């Protein structure tokens, strides 16, 4: 089955109850071939290309991410 997903935009979903942000670079999200966990961050890739990041305990990092994005993330 061919994958219909295209890397066009970044899709961000926030689970407020669990304080987790899901960032996907494809829609629909692709199944990861490799996941690497670094603290509260889970990096997902497939065939050597990044496909997404999950950030646990997002409220700890929200201000830093907002500053790095030039204030684009609220």
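Bear in mind these aren't lab numbers, they're just calculated from the coordinates by the rules spelled out. All figures in this text were calculated on a predicted structure; none of them were measured in a lab. All Cβ positions, glycine included, derive from the backbone under ideal geometry; neighbour counts span all protein chains shown.
Taking other Cβ within 10 Å of each residue's Cβ, how do 36, 21, 53 sort, fewest first? Walk me through the numbers on the way to the answer.
Working: 36 10, 21 20, 53 17.
With the sparsest Cβ surroundings first, the list reads 36, 53, 21.
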Task: Cβ-based exposure ranking for 68, 30, in which fewest neighbours within 10 Å come first - done: 68, 30
Open item on the list: Less than 19 Å from a label point 7 Å out along the Cα-to-Cβ axis of residue 57: which backbone N atoms in segment 28-51 qualify, by residue?
Closed with: 36-43
Task: Residues 65, 55, 20 arranged by fewest to most Cβ contacts within 10 Å - done: 65, 20, 55
Task: Rounded D (µm²/s) - segment 11-68, Kirkwood Rh over Cα pairs, Stokes-Einstein at 20 °C, 1.002 mPa s - done: 181 µm²/s
